[in-house]
Amino acid sequence: MRPTVAVPEPNIAPQPTALPRTAIVVRTRQRHQDVHELLDQGRTLSAIARRLRLDRKTVRRFENTDLEVLMASARDRRPGLIAR
C-alpha cells in the first residue's frame with residue numbers, strides 16, 4: 001500500500017466583491033461602452049462628445065482608460081446623499 005501524500009491546496013486569491021449597482025457605476029459602464037462603440041464606427045472625439053453631451057476630455061479619458069480603472073474610481077467616490 002502506498003502512503004498518501006498531502007496535496008497542498010492552490011493559493012487562490014479572493015475574488016473582489018461585485019460593485020453595487022449605484023448610479024455612478026451603471027453610468028460609468030454605459031459611457032465606456034457608448035464611447036467605444038462610437039470610436040469603432042470611426043467617429044471623432046469631438047463628434048462623440050457632442051453626441052453624448054460630454055466634455056471632449058472626458059471622452060478621451062473613457063477612450064484611453066481601462067474599464068477596471070474607471071470602475072475603481074467610480075467605486076471610491078462618496079455617495080451624493082448621506083444615508084440615514
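No lab work stands behind these numbers, since they all come straight from the coordinates. Keep in mind the model is a prediction, meaning the values are calculated, not measured. Here Cβ is always computed from backbone atoms with ideal geometry, including for glycine, and neighbour counts include all displayed protein chains.
Values as computed for the structure displayed
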quantity: Summed residue charge, Cβ within 9 Å of Ile48's Cβ, Lys/Arg positive, Asp/Glu negative; calculated: +2
quantity: Most to least packed among 47-55, 62-70 [average Cβ atoms within 10 Å]; calculated: 47-55, 62-70
